[in-house]
Amino acid sequence: MSTTSPTDEVAPGAGRLVDPQRRVIDYLRVSVTDRCNYRCTYCMPEDGVDHVQRADILSFEEICALVACFTRLGVSRVRLTGGEPTVRRDLVQLVRMLRAIPGLRDIALSTNGHLLPELAAPLREAGVDRLNISIDTLDPARFASITRRGELERVLAGVEAARAAGFTRIKINTVAVKGFNDGEVGALCDYAWSRGMVPRFIEQMPMAGGQLYVPGALLSAAEIRGLVERAHPGRRLVPDGEARGAGPARYWRLEGSDDVVGIISAMTEHFCDTCNRVRLSAAGALHTCLAYDDAVDLRAALRSGGPDAVVATIRQAVQGKRDGHVFDLIGIGGPRKAMIQIGG
Ligand code: SAM
(Lines give C-alpha, C1' and ligand atoms only; values in the text may rest on other atoms or scores of the structure.)
Protein backbone atom coordinates (compact mmCIF):
# COMPACT_ATOMS: atom_id res chain seq x y z
CA MET A 1 0.00 0.00 0.00
CA SER A 2 1.32 3.46 -0.87
CA THR A 3 1.74 6.00 1.92
CA THR A 4 0.89 8.96 -0.28
CA SER A 5 -2.03 11.05 0.93
CA PRO A 6 -5.12 11.08 -1.32
CA THR A 7 -4.75 14.82 -1.80
CA ASP A 8 -1.35 14.35 -3.43
CA GLU A 9 -2.83 11.91 -5.90
CA VAL A 10 -5.47 14.14 -7.46
CA ALA A 11 -4.58 14.92 -11.04
CA PRO A 12 -3.71 18.58 -11.59
CA GLY A 13 -6.80 20.55 -12.47
CA ALA A 14 -9.12 17.64 -11.73
CA GLY A 15 -10.15 18.86 -8.28
CA ARG A 16 -11.65 16.66 -5.64
CA LEU A 17 -15.18 15.39 -5.61
CA VAL A 18 -17.11 17.59 -3.24
CA ASP A 19 -20.90 17.58 -3.18
CA PRO A 20 -23.19 20.54 -2.44
CA GLN A 21 -23.20 19.61 1.27
CA ARG A 22 -19.39 19.92 1.18
CA ARG A 23 -18.96 16.19 1.72
CA VAL A 24 -15.73 14.94 0.13
CA ILE A 25 -16.27 11.75 -1.85
CA ASP A 26 -13.17 9.58 -1.65
CA TYR A 27 -14.62 6.09 -1.38
CA LEU A 28 -16.13 3.92 -4.11
CA ARG A 29 -17.98 0.66 -3.75
CA VAL A 30 -17.68 -1.45 -6.87
CA SER A 31 -20.13 -4.25 -7.42
CA VAL A 32 -18.30 -6.75 -9.62
CA THR A 33 -21.33 -8.99 -10.08
CA ASP A 34 -24.99 -8.97 -9.12
CA ARG A 35 -24.91 -12.75 -8.66
CA CYS A 36 -24.64 -14.48 -5.31
CA ASN A 37 -24.17 -18.05 -4.15
CA TYR A 38 -26.31 -17.35 -1.05
CA ARG A 39 -29.89 -16.11 -0.79
CA CYS A 40 -30.01 -14.30 2.55
CA THR A 41 -33.65 -13.85 3.44
CA TYR A 42 -33.40 -10.07 3.99
CA CYS A 43 -31.44 -9.51 0.78
CA MET A 44 -32.64 -11.71 -2.08
CA PRO A 45 -35.68 -13.82 -2.78
CA GLU A 46 -35.05 -17.54 -3.11
CA ASP A 47 -36.03 -17.65 -6.78
CA GLY A 48 -37.00 -15.24 -9.51
CA VAL A 49 -33.98 -12.96 -9.30
CA ASP A 50 -33.64 -11.00 -12.53
CA HIS A 51 -29.88 -10.86 -13.10
CA VAL A 52 -28.12 -8.37 -15.33
CA GLN A 53 -27.35 -9.97 -18.71
CA ARG A 54 -23.77 -11.24 -18.80
CA ALA A 55 -23.04 -9.04 -21.83
CA ASP A 56 -23.99 -5.97 -19.79
CA ILE A 57 -21.59 -6.72 -16.92
CA LEU A 58 -18.54 -4.46 -16.95
CA SER A 59 -15.35 -6.14 -18.17
CA PHE A 60 -12.25 -5.94 -15.96
CA GLU A 61 -10.80 -3.39 -18.38
CA GLU A 62 -13.93 -1.23 -18.07
CA ILE A 63 -13.93 -1.49 -14.26
CA CYS A 64 -10.28 -0.40 -14.16
CA ALA A 65 -10.85 2.44 -16.63
CA LEU A 66 -13.74 3.72 -14.50
CA VAL A 67 -11.84 3.34 -11.23
CA ALA A 68 -8.94 5.26 -12.79
CA CYS A 69 -11.37 8.10 -13.54
CA PHE A 70 -12.42 8.14 -9.89
CA THR A 71 -8.80 8.23 -8.72
CA ARG A 72 -8.27 11.27 -10.97
CA LEU A 73 -10.95 12.87 -8.79
CA GLY A 74 -9.29 11.98 -5.51
CA VAL A 75 -11.05 8.70 -4.76
CA SER A 76 -8.38 6.62 -3.06
CA ARG A 77 -10.27 3.66 -1.63
CA VAL A 78 -12.44 1.04 -3.26
CA ARG A 79 -14.44 -1.82 -1.85
CA LEU A 80 -15.25 -4.75 -4.10
CA THR A 81 -18.68 -6.10 -3.39
CA GLY A 82 -21.64 -7.74 -5.12
CA GLY A 83 -23.81 -9.77 -5.15
CA GLU A 84 -20.97 -11.94 -3.98
CA PRO A 85 -17.70 -10.69 -5.47
CA THR A 86 -15.85 -14.00 -5.14
CA VAL A 87 -18.21 -15.70 -7.61
CA ARG A 88 -16.92 -13.39 -10.36
CA ARG A 89 -14.49 -15.49 -12.37
CA ASP A 90 -10.82 -14.44 -12.10
CA LEU A 91 -11.48 -11.90 -9.35
CA VAL A 92 -7.84 -12.26 -8.30
CA GLN A 93 -6.78 -10.97 -11.72
CA LEU A 94 -9.07 -7.94 -11.33
CA VAL A 95 -7.41 -7.14 -7.99
CA ARG A 96 -3.97 -7.28 -9.65
CA MET A 97 -5.17 -4.91 -12.36
CA LEU A 98 -6.67 -2.49 -9.83
CA ARG A 99 -3.47 -2.56 -7.79
CA ALA A 100 -1.66 -1.01 -10.73
CA ILE A 101 -3.87 2.10 -10.78
CA PRO A 102 -1.95 5.13 -9.48
CA GLY A 103 -3.65 6.86 -6.57
CA LEU A 104 -5.59 3.83 -5.41
CA ARG A 105 -4.39 3.42 -1.84
CA ASP A 106 -6.72 0.82 -0.46
CA ILE A 107 -8.62 -2.17 -1.85
CA ALA A 108 -11.16 -3.81 0.43
CA LEU A 109 -13.48 -6.73 -0.20
CA SER A 110 -16.86 -7.67 1.29
CA THR A 111 -17.68 -11.35 1.07
CA ASN A 112 -19.93 -14.01 2.53
CA GLY A 113 -16.74 -16.06 3.00
CA HIS A 114 -17.96 -19.19 1.25
CA LEU A 115 -15.07 -19.24 -1.22
CA LEU A 116 -12.39 -17.88 1.11
CA PRO A 117 -10.90 -21.29 1.94
CA GLU A 118 -9.62 -21.30 -1.65
CA LEU A 119 -9.36 -17.58 -2.36
CA ALA A 120 -8.11 -15.85 0.80
CA ALA A 121 -4.39 -16.37 0.11
CA PRO A 122 -4.47 -15.50 -3.62
CA LEU A 123 -6.57 -12.39 -2.91
CA ARG A 124 -4.17 -11.24 -0.23
CA GLU A 125 -1.22 -11.89 -2.53
CA ALA A 126 -2.89 -9.97 -5.36
CA GLY A 127 -3.25 -6.91 -3.12
CA VAL A 128 -6.53 -6.90 -1.18
CA ASP A 129 -5.81 -4.83 1.93
CA ARG A 130 -8.88 -5.43 4.04
CA LEU A 131 -11.68 -7.97 4.37
CA ASN A 132 -15.24 -7.84 5.67
CA ILE A 133 -16.89 -11.22 6.13
CA SER A 134 -20.63 -11.59 6.70
CA ILE A 135 -21.77 -13.97 9.46
CA ASP A 136 -25.27 -13.58 10.88
CA THR A 137 -25.23 -16.48 13.33
CA LEU A 138 -22.78 -19.02 14.76
CA ASP A 139 -25.37 -21.78 14.73
CA PRO A 140 -24.97 -24.01 11.62
CA ALA A 141 -28.69 -24.79 11.21
CA ARG A 142 -29.76 -21.19 11.66
CA PHE A 143 -26.99 -20.08 9.31
CA ALA A 144 -28.31 -22.47 6.67
CA SER A 145 -31.82 -21.11 7.18
CA ILE A 146 -31.01 -17.37 6.92
CA THR A 147 -28.61 -17.79 3.97
CA ARG A 148 -30.79 -20.52 2.41
CA ARG A 149 -27.69 -22.03 0.76
CA GLY A 150 -24.92 -21.27 3.19
CA GLU A 151 -22.51 -23.56 5.03
CA LEU A 152 -21.26 -22.07 8.29
CA GLU A 153 -18.38 -24.55 8.48
CA ARG A 154 -16.98 -23.33 5.16
CA VAL A 155 -17.31 -19.69 6.17
CA LEU A 156 -15.56 -20.26 9.51
CA ALA A 157 -12.80 -22.12 7.63
CA GLY A 158 -12.68 -19.12 5.29
CA VAL A 159 -12.16 -16.79 8.25
CA GLU A 160 -9.24 -18.94 9.43
CA ALA A 161 -7.81 -19.02 5.88
CA ALA A 162 -8.00 -15.23 5.77
CA ARG A 163 -6.20 -14.89 9.10
CA ALA A 164 -3.54 -17.38 7.98
CA ALA A 165 -3.11 -15.39 4.76
CA GLY A 166 -2.17 -12.32 6.80
CA PHE A 167 -5.41 -10.30 6.85
CA THR A 168 -5.60 -8.38 10.12
CA ARG A 169 -8.47 -6.52 11.81
CA ILE A 170 -10.97 -8.48 9.71
CA LYS A 171 -14.49 -7.15 10.20
CA ILE A 172 -17.35 -9.56 10.81
CA ASN A 173 -20.61 -8.09 9.49
CA THR A 174 -23.84 -9.25 11.07
CA VAL A 175 -27.24 -8.04 9.99
CA ALA A 176 -29.09 -7.65 13.28
CA VAL A 177 -32.52 -9.25 13.05
CA LYS A 178 -34.88 -9.09 16.00
CA GLY A 179 -36.13 -12.53 16.96
CA PHE A 180 -33.34 -14.20 15.01
CA ASN A 181 -29.88 -13.26 16.29
CA ASP A 182 -30.47 -10.82 19.16
CA GLY A 183 -29.54 -13.67 21.51
CA GLU A 184 -26.17 -14.05 19.77
CA VAL A 185 -24.89 -10.47 19.84
CA GLY A 186 -22.57 -11.21 22.77
CA ALA A 187 -21.34 -14.52 21.31
CA LEU A 188 -20.60 -12.91 17.93
CA CYS A 189 -18.57 -10.19 19.68
CA ASP A 190 -16.61 -12.78 21.67
CA TYR A 191 -16.00 -14.87 18.52
CA ALA A 192 -14.55 -11.84 16.74
CA TRP A 193 -12.64 -10.38 19.69
CA SER A 194 -10.97 -13.70 20.52
CA ARG A 195 -9.46 -13.63 17.01
CA GLY A 196 -8.43 -9.99 16.88
CA MET A 197 -11.35 -9.16 14.59
CA VAL A 198 -13.95 -6.39 14.78
CA PRO A 199 -17.63 -7.37 15.06
CA ARG A 200 -20.09 -5.03 13.35
CA PHE A 201 -23.83 -5.06 13.47
CA ILE A 202 -25.92 -3.65 10.63
CA GLU A 203 -29.45 -2.44 11.18
CA GLN A 204 -31.67 -4.28 8.74
CA MET A 205 -32.68 -2.06 5.83
CA PRO A 206 -35.84 -2.57 3.79
CA MET A 207 -34.12 -3.22 0.47
CA ALA A 208 -35.82 -4.55 -2.66
CA GLY A 209 -38.66 -2.08 -2.36
CA GLY A 210 -39.40 -3.32 1.14
CA GLN A 211 -40.59 -6.66 -0.20
CA LEU A 212 -38.17 -8.70 1.91
CA TYR A 213 -38.64 -6.66 5.06
CA VAL A 214 -40.28 -8.37 7.98
CA PRO A 215 -42.07 -5.75 10.09
CA GLY A 216 -40.81 -5.74 13.67
CA ALA A 217 -37.45 -7.29 12.71
CA LEU A 218 -35.48 -4.09 13.16
CA LEU A 219 -32.99 -4.32 16.00
CA SER A 220 -31.94 -0.72 16.59
CA ALA A 221 -28.43 0.57 17.24
CA ALA A 222 -29.42 1.42 20.82
CA GLU A 223 -30.79 -2.09 21.38
CA ILE A 224 -27.63 -3.62 19.91
CA ARG A 225 -25.44 -1.59 22.28
CA GLY A 226 -27.64 -2.73 25.18
CA LEU A 227 -27.24 -6.37 24.14
CA VAL A 228 -23.43 -6.06 23.96
CA GLU A 229 -23.35 -4.57 27.46
CA ARG A 230 -25.77 -7.14 28.87
CA ALA A 231 -23.55 -9.94 27.53
CA HIS A 232 -20.56 -8.39 29.33
CA PRO A 233 -21.89 -7.52 32.81
CA GLY A 234 -20.35 -4.58 34.60
CA ARG A 235 -18.71 -3.23 31.43
CA ARG A 236 -19.94 -0.14 29.63
CA LEU A 237 -19.64 0.70 25.94
CA VAL A 238 -18.00 4.04 25.32
CA PRO A 239 -17.62 5.82 21.96
CA ASP A 240 -14.36 4.88 20.29
CA GLY A 241 -12.71 7.93 18.79
CA GLU A 242 -10.27 6.15 16.51
CA ALA A 243 -10.85 6.14 12.74
CA ARG A 244 -11.34 2.48 11.87
CA GLY A 245 -12.22 2.41 8.23
CA ALA A 246 -13.74 4.35 5.40
CA GLY A 247 -17.29 3.24 6.02
CA PRO A 248 -20.38 4.50 7.82
CA ALA A 249 -19.97 2.41 10.97
CA ARG A 250 -19.74 4.11 14.33
CA TYR A 251 -17.45 2.34 16.76
CA TRP A 252 -17.83 1.63 20.46
CA ARG A 253 -15.33 0.13 22.89
CA LEU A 254 -15.90 -1.93 26.01
CA GLU A 255 -14.53 0.42 28.65
CA GLY A 256 -11.08 -0.58 29.86
CA SER A 257 -10.36 -2.90 26.92
CA ASP A 258 -9.36 -2.89 23.27
CA ASP A 259 -12.55 -4.71 22.29
CA VAL A 260 -14.32 -2.60 19.68
CA VAL A 261 -17.74 -3.10 18.09
CA GLY A 262 -19.08 -1.25 15.06
CA ILE A 263 -22.72 -0.41 14.36
CA ILE A 264 -24.08 0.63 10.99
CA SER A 265 -27.37 2.30 11.68
CA ALA A 266 -28.97 3.40 8.43
CA MET A 267 -32.39 3.33 10.09
CA THR A 268 -32.31 4.88 13.55
CA GLU A 269 -29.08 6.91 13.72
CA HIS A 270 -28.33 8.31 10.30
CA PHE A 271 -24.78 8.93 9.14
CA CYS A 272 -25.64 10.82 5.94
CA ASP A 273 -23.86 14.01 7.03
CA THR A 274 -20.55 12.15 6.88
CA CYS A 275 -21.30 10.05 3.78
CA ASN A 276 -18.14 9.90 1.66
CA ARG A 277 -19.14 7.25 -0.84
CA VAL A 278 -20.71 6.44 -4.16
CA ARG A 279 -21.47 3.07 -5.74
CA LEU A 280 -20.78 1.56 -9.12
CA SER A 281 -23.11 -1.24 -10.17
CA ALA A 282 -21.97 -4.36 -12.02
CA ALA A 283 -23.38 -2.86 -15.23
CA GLY A 284 -21.69 0.52 -14.79
CA ALA A 285 -24.47 2.57 -13.19
CA LEU A 286 -23.26 5.13 -10.68
CA HIS A 287 -25.48 5.50 -7.61
CA THR A 288 -24.76 8.35 -5.23
CA CYS A 289 -27.04 7.03 -2.44
CA LEU A 290 -27.78 3.45 -1.42
CA ALA A 291 -31.38 4.24 -0.67
CA TYR A 292 -32.45 5.51 -4.08
CA ASP A 293 -32.54 4.19 -7.62
CA ASP A 294 -31.15 7.40 -9.22
CA ALA A 295 -28.17 6.52 -11.37
CA VAL A 296 -26.09 7.68 -14.30
CA ASP A 297 -24.62 5.32 -16.86
CA LEU A 298 -20.83 5.49 -16.67
CA ARG A 299 -20.33 2.62 -19.08
CA ALA A 300 -22.16 4.56 -21.76
CA ALA A 301 -20.07 7.64 -20.98
CA LEU A 302 -16.88 5.58 -21.22
CA ARG A 303 -17.86 4.03 -24.53
CA SER A 304 -19.04 7.25 -26.14
CA GLY A 305 -16.64 9.85 -24.76
CA GLY A 306 -13.79 8.08 -22.96
CA PRO A 307 -12.32 9.00 -19.57
CA ASP A 308 -12.93 12.75 -19.84
CA ALA A 309 -16.64 12.16 -20.43
CA VAL A 310 -16.70 9.78 -17.45
CA VAL A 311 -15.05 12.36 -15.20
CA ALA A 312 -17.56 15.02 -16.27
CA THR A 313 -20.48 12.61 -15.69
CA ILE A 314 -19.22 11.67 -12.23
CA ARG A 315 -18.85 15.32 -11.28
CA GLN A 316 -22.37 16.11 -12.41
CA ALA A 317 -23.84 13.10 -10.56
CA VAL A 318 -22.10 14.08 -7.32
CA GLN A 319 -23.65 17.54 -7.57
CA GLY A 320 -27.01 15.75 -7.35
CA LYS A 321 -26.08 13.57 -4.38
CA ARG A 322 -28.96 13.64 -1.95
CA ASP A 323 -28.60 15.27 1.45
CA GLY A 324 -29.66 12.06 3.12
CA HIS A 325 -31.88 9.04 2.93
CA VAL A 326 -35.16 8.13 4.51
CA PHE A 327 -36.21 4.54 4.77
CA ASP A 328 -39.86 5.19 5.53
CA LEU A 329 -41.77 2.01 5.94
CA ILE A 330 -45.19 2.78 4.65
CA GLY A 331 -46.94 -0.53 4.45
CA ILE A 332 -44.69 -2.86 2.53
CA GLY A 333 -43.57 -0.11 0.19
CA GLY A 334 -40.85 2.17 1.41
CA PRO A 335 -37.69 2.77 -0.53
CA ARG A 336 -37.38 2.01 -4.20
CA LYS A 337 -33.70 1.17 -4.23
CA ALA A 338 -33.08 -2.54 -4.65
CA MET A 339 -29.81 -4.41 -4.19
CA ILE A 340 -31.19 -6.86 -6.70
CA GLN A 341 -34.02 -6.80 -9.18
CA ILE A 342 -36.84 -9.13 -8.39
CA GLY A 343 -38.41 -10.67 -11.47
CA GLY A 344 -42.05 -11.18 -12.25
N1 SAM B 1 -22.01 -10.84 -0.59
C2 SAM B 1 -21.13 -9.94 0.08
C3 SAM B 1 -21.28 -10.06 1.59
O4 SAM B 1 -21.95 -10.99 2.04
O5 SAM B 1 -20.69 -9.27 2.31
C6 SAM B 1 -21.22 -8.49 -0.36
C7 SAM B 1 -22.55 -7.92 -0.68
S8 SAM B 1 -23.69 -7.88 0.67
C9 SAM B 1 -25.10 -7.09 -0.07
C10 SAM B 1 -23.00 -6.64 1.74
C11 SAM B 1 -23.56 -6.62 3.15
O12 SAM B 1 -24.88 -6.11 3.10
C13 SAM B 1 -23.62 -7.97 3.83
O14 SAM B 1 -23.05 -7.90 5.11
C15 SAM B 1 -25.10 -8.23 3.93
O16 SAM B 1 -25.42 -9.03 5.03
C17 SAM B 1 -25.65 -6.82 4.04
N18 SAM B 1 -27.07 -6.71 3.70
C19 SAM B 1 -27.75 -7.30 2.68
N20 SAM B 1 -29.07 -6.97 2.72
C21 SAM B 1 -29.22 -6.14 3.78
C22 SAM B 1 -30.33 -5.47 4.35
N23 SAM B 1 -31.55 -5.60 3.86
N24 SAM B 1 -30.11 -4.70 5.44
C25 SAM B 1 -28.88 -4.56 5.97
N26 SAM B 1 -27.79 -5.18 5.48
C27 SAM B 1 -27.96 -5.97 4.40
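The values are calculated or read from the model by the stated rules, or taken from the named source; none is laboratory data. This is a predicted model, so every value here is computed, not measured. We place every Cβ from the backbone using ideal geometry, glycine too, and count neighbours over all the protein chains shown. For accessibility, only protein heavy atoms count, side chains too; no ligands or nucleic acids. Shrake-Rupley method; radii C 1.70, N 1.55, O 1.52, S 1.80 Å.
Sort the chain into rounded, prolate or oblate with this rule: let a ≥ b ≥ c be the square roots of the eigenvalues of the Cα gyration tensor; rounded if a/c is under 1.5, and if a/c is not under 1.5, prolate when a/b is larger than b/c, oblate otherwise. Walk me through the numbers before you get to the answer.
Numbers: a/c = 1.41, a/b = 1.34, b/c = 1.05.
It is rounded, given that a/c, with a ≥ b ≥ c, falls under 1.5.
Suppose R0 equals 51 Å; then what is the FRET efficiency for ASP297 and ALA187 from their Cβ-Cβ distance, rounded to the nearest 0.05?
Values: r = 44 Å, r/R0 = 0.87.
Efficiency computed from Cβ-Cβ geometry: 0.70.
Once both labels are modelled 7 Å past Cα along the beta-carbon direction, what's the ARG195-GLU61 spacing in nm?
With each label placed 7 Å out from Cα toward Cβ, I get 3.9 nm.
Restricting attention to the chain, give the cysteines that have no other cysteine Cβ less than 4.7 angstrom from their Cβ.
Singleton cysteines: CYS36, CYS64, CYS69, CYS189, CYS272, CYS275, CYS289.
Give me the accessible area per residue for the chain, probe 1.4 Å, as a whole number in Å². Write down the numbers at each step before the final one.
Details: 14610 Å² over 344 residues.
So the chain comes to 42 Å² accessible per residue, rounded to a whole number.
When the helix-only estimate is applied to the chain (DSSP H runs of n ≥ 4, each -39,500 (n - 2.57), divided by the residue count), what is the mean residue ellipticity at 222 nm, nearest 500 deg cm²/dmol? Before the final figure, lay out the partial values.
Working: 9 runs with 100 residues, N = 344.
Here the helix-only value at 222 nm equals -9000 deg cm²/dmol.
How high is the FRET efficiency between ARG89 and ALA141 when r is their beta carbon distance and R₀ equals 25 Å, given to the nearest 0.05? Before the final figure, lay out each step's value.
Working: r = 31 Å, r/R0 = 1.25.
That pair, ARG89 with ALA141, gives E of 0.20.
Once a ≥ b ≥ c are taken as the square roots of the eigenvalues of the Cα gyration tensor of region 138-184, is the result rounded (a/c under 1.5), prolate (a/b larger than b/c) or oblate (a/b not larger than b/c)? Kindly include the intermediate steps, with their values, before the conclusion.
Details: a/c = 3.06, a/b = 1.64, b/c = 1.87.
Verdict is oblate for region 138-184.
Once the whole set of protein chains is in place, how much accessible area is left on ARG236, using a 1.4 Å probe, in Å² to the nearest 10?
Using a 1.4 Å probe on the heavy atoms, I get roughly 130 Å².
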